[in-house]
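S.K.: Have a look at this one before I ask anything.
The values are calculated or read from the model by the stated rules, or taken from the named source; none is laboratory data. None of the values given here were measured: they were computed from a predicted structure. Because the Cβ atoms are built from the backbone with ideal geometry, glycine has one as well, and the counts that use them run over all protein chains shown.
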Amino acid sequence: MPVNPADGPILGTLYGSDAMREVFDESAYFQRMLDVEAALARVQARLGIIPGDAAETIAAAARMENLRPEALAASARNVGYPVVGLVAELSRVAGEAGRWTHWGATTQDIMDTATVLQVRAGLDLIEAELNALITALTAQAETHRDTVMAGRTHLQQALPTTFGLKCAIWAMPFIAHRERLRQLRPRVEVVELSGAAGTLASLGNDGIRVMEDLAAELGLNAPAAPWHVCRDGLAEAVSFLGLVCGNLAKIATDIILLAQTEVAEVAEPYVHGRGQSSTMPQKRNPISSEYILAASRTVQGLVPVMLGAMAQDHERATGPWQAEALVVPQSFVLTHGALLHTCTIAEGLVVDAARMRANLDLTHGLVVSEAVMMGLAPILGRGEAHHVVKHACDVALAETVSLAEALMRDKAVASQLDRHAIDRMIDPGNYLGSAGAFIDRVKRMAG
């Protein structure tokens, strides 16, 4: 029975995805180890190290359904590693050919390479969702390139911006993550075949050739030297997931804030009953965003475990290596789940442009005081313009009048500009600077 909610048949629907769980499922992991054993036998047969018919028999036997789970469990419980039992079971099924199983390899060779095969498949799923998210966010950026809203700093209205630019800024880090993923793959998708202490002495002069051919057989890279205790590749992969989750959490945080009743500028896609309260019928909680935050914080909490596990002693570690198995699957499952939630939000986000404009108008023009100051600066000088607009803002706040009305009371302003010119300055849509150009730059970056 699963104890982690992300792996449960019910709660797992909230935290992860079946596709990623299938990649890191225990049975799938054992099948990956069998795939490595079969590939090793095929390579060694081609090189004349073991008989060809033995390799064929081993490869045919290397299916999880041929092995007895109870025997694997008993061996793992006793030995402390799964490979001894796996090799014993594979050898049993292969019969006479079984004596050539696992030729020259050691436990960690098989386990590390199986993990790498899982990580490669996991990264494929992550990459697909990154692409989907980039597409959805850039589409929203284009749709809302002219949807004016309040830009907020320190949770206060600051200056006008557009929802399109906000979406483009949400998208930009994921475009970079896509490039990071491309760059890190060669460093993590690496075969491990080093033998008991990293010399591969068990294969004599054939060691490097077998390692390189095994890498080619599995579609992996071959390392320059053994990486039993060089864990930077896997640590980088999990750290990458932590970065992805950081940007997912930023989007989720913005959605939660913008969906507050008092703001109500956006809402998660409407699905009947989703986010409802058991006692308050009116509630539509931003539930997807909440699970994005929960998953992201957990993944980021797992990153230090991987970094700590890099301190591995001598040629084979005593403890740190085993910690990785607790981190890698969970990090991938939670990240993929958070990505799926975010894609759903990005594709179906409900945007209330009228509410955005109404919220902008709450300050009766104060949100564009900088625009007025910059407009008056060529006429009055920058210092005097700042003084005049600051005084007008104080009047507007104290007397609950609009900024335009307060400005027209100022003789220095009224002598230079009429009410129409003031209103034009105060229109938030006229003070968006390079918002549209920034959106276009992000779209070009997305490709």
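S.K.: Just checking, how many residues over segment 109-122 are buried (at least 22 other Cβ atoms within 10 Å of the Cβ) and either under 18 Å from the mean Cα position of the chain (by Cα) or not β-branched (Val, Ile, Thr) (or both)?
M.R.: 7
S.K.: May I ask you to say which residue of 165, 184 is part of a helix (DSSP H, G or I) and closer than 23 Å to residue 216 by Cα?
M.R.: Selected residue: 184, the only one of 165, 184 that is part of a helix (DSSP H, G or I) and closer than 23 Å to residue 216 by Cα.
S.K.: Please name all residue pairs, on different chains or six or more residues apart, with Cβ atoms under 8 Å, provided the first residue is in segment 1-21 and is closer than 17 Å to residue 125 by Cβ and the second residue is surrounded by 14 or more Cβ atoms within 10 Å (Cβ to Cβ) and of a type in the set (Phe, Trp, Tyr).
M.R.: From segment 1-21, the pairs are 6/15; 15/291; 20/332.
S.K.: So in segment 353-362, with the set limited to residues that are surrounded by fewer than 18 Cβ atoms within 10 Å (Cβ to Cβ) and in contact (Cβ under 8 Å) with a residue 40 or more places away in the chain, which one is farthest from residue 256 (Cα to Cα)? Spell out the reasoning first.
M.R.: Step one: filter segment 353-362 for residues surrounded by fewer than 18 Cβ atoms within 10 Å (Cβ to Cβ), giving 353-355, 357-358, 361-362.
After this cut, where a residue has to be in contact (Cβ under 8 Å) with a residue 40 or more places away in the chain as well, the list is 353, 355, 357, 362.
Numbers: 353: 17, 355: 16, 357: 19, 362: 21 Å.
Residue satisfying both the conditions and the ranking: 362.
S.K.: If a residue has to be farther than 11 Å from residue 369 by Cβ and touching a residue at least 24 places away in the same chain (Cβ under 8 Å) to count, how many in segment 383-396 make the cut?
M.R.: 1
S.K.: Go through (1) surrounded by fewer than 23 Cβ atoms within 10 Å (Cβ to Cβ); (2) in a helix (DSSP H, G or I); (3) in contact (Cβ under 8 Å) with a residue 40 or more places away in the chain one by one and return the number of the condition residue 234 breaks.
M.R.: (1)
S.K.: Would you please name the residue that is nearest to the chain's Cα centre (by Cα), looking only at residues in segment 4-56 that are surrounded by fewer than 19 Cβ atoms within 10 Å (Cβ to Cβ) and among the β-branched types (Val, Ile, Thr)?
M.R.: Once the filter is applied, the top-ranked residue is 13.
S.K.: Here's another thing I want to ask about it. Test residue 395 against the criterion of being part of a helix (DSSP H, G or I), of a type in the set (Val, Ile, Thr) and under 21 Å from residue 153 (Cβ atoms), and give yes or no.
M.R.: no
S.K.: Name the residues in segment 49-72 that are modelled with pLDDT of 95 or more and either touching a strand residue (DSSP E or B) at 6+ places or on another chain (Cβ under 6 Å) or small (Gly, Ala, Ser) (or both), would you?
M.R.: 52, 54, 55, 59, 60, 61, 62
S.K.: Among the residues of segment 417-425, is there at least one that is in a helix (DSSP H, G or I), crowded, with 20+ Cβ neighbours inside 10 Å and touching a residue at least 40 places away in the same chain (Cβ under 8 Å)?
M.R.: From segment 417-425, those in a helix (DSSP H, G or I) are 419-425; that's our starting set.
Narrowing the set further to residues that are crowded, with 20+ Cβ neighbours inside 10 Å leaves 422, 425.
In the following step, the residues that additionally are touching a residue at least 40 places away in the same chain (Cβ under 8 Å) were identified as 422, 425.
Yes, segment 417-425 has at least one match.
S.K.: Looking at segment 391-431, which of its residues are among the polar types (S, T, N, Q), touching a helix residue (DSSP H, G or I) at 6+ places or on another chain (Cβ under 7 Å) and farther than 18 Å from residue 363 by Cβ?
M.R.: So in segment 391-431, the residues among the polar types (S, T, N, Q) come out as 400, 402, 415-416, 430.
Checking the rest, the ones that are also touching a helix residue (DSSP H, G or I) at 6+ places or on another chain (Cβ under 7 Å) come to 402, 416, 430.
Of everything in segment 391-431, just one residue is among the polar types (S, T, N, Q), touching a helix residue (DSSP H, G or I) at 6+ places or on another chain (Cβ under 7 Å) and farther than 18 Å from residue 363 by Cβ, namely 416.
S.K.: Please specify each residue of segment 139-181 satisfying the condition of being of a type in the set (Val, Ile, Thr) and out of contact with any Lys or Arg (no Cβ under 7 Å at 6 or more places or on another chain).
M.R.: The first filter runs over segment 139-181 and keeps only residues of a type in the set (Val, Ile, Thr), leaving 143, 147-148, 153, 161-162, 169, 175.
Correct list: 143, 147, 153, 161, 169, 175.
S.K.: Let me ask something else. Output the residues belonging to segment 311-324 that are assigned to a loop (DSSP other than H, G, I, E, B) and closer than 14 Å to residue 112 by Cβ. Quick ask: steps written out before the conclusion?
M.R.: Within segment 311-324, the subset assigned to a loop (DSSP other than H, G, I, E, B) is 311-319.
Those that are assigned to a loop (DSSP other than H, G, I, E, B) and closer than 14 Å to residue 112 by Cβ: 312, 315, 316, 317.
S.K.: Another question, if that's okay. What do you reckon, is residue 132 touching a Cys at 6+ places or on another chain (Cβ under 9 Å) and over 22 Å from residue 353 (Cα atoms)?
M.R.: Working: touching a Cys at 6+ places or on another chain (Cβ under 9 Å): yes; over 22 Å from residue 353 (Cα atoms): yes.
Against the criterion (touching a Cys at 6+ places or on another chain (Cβ under 9 Å) and over 22 Å from residue 353 (Cα atoms)), residue 132 qualifies.
S.K.: Report every pair of residues separated by at least 6 positions or lying on different chains whose Cβ atoms are under 9 Å apart, first residue within segment 77-89 and assigned by TED's automatic domain parsing to the domain that holds residue 67, second in a helix (DSSP H, G or I) and of a type in the set (Phe, Trp, Tyr).
M.R.: 82/29; 82/30; 86/30
S.K.: When residue 159 is evaluated against the numbered criteria (1) part of a loop (DSSP other than H, G, I, E, B); (2) closer than 29 Å to residue 361 by Cβ; (3) more than 29 Å from the chain's Cα centre (by Cα), which criterion, by number, is the only one it fails?
M.R.: In the conditions (1) part of a loop (DSSP other than H, G, I, E, B); (2) closer than 29 Å to residue 361 by Cβ; (3) more than 29 Å from the chain's Cα centre (by Cα), residue 159 misses (1) alone.
S.K.: Now for a separate question. Could you list, in sequence order, all residues of segment 198-225 that are at pLDDT 95 or above, of a type outside the set (A, V, I, L, M, F, W, C) and either under 34 Å from the mean Cα position of the chain (by Cα) or not in a helix (DSSP H, G or I) (or both)?
M.R.: Within segment 198-225, 212, 213, 217, 219, 221, 223 qualify.
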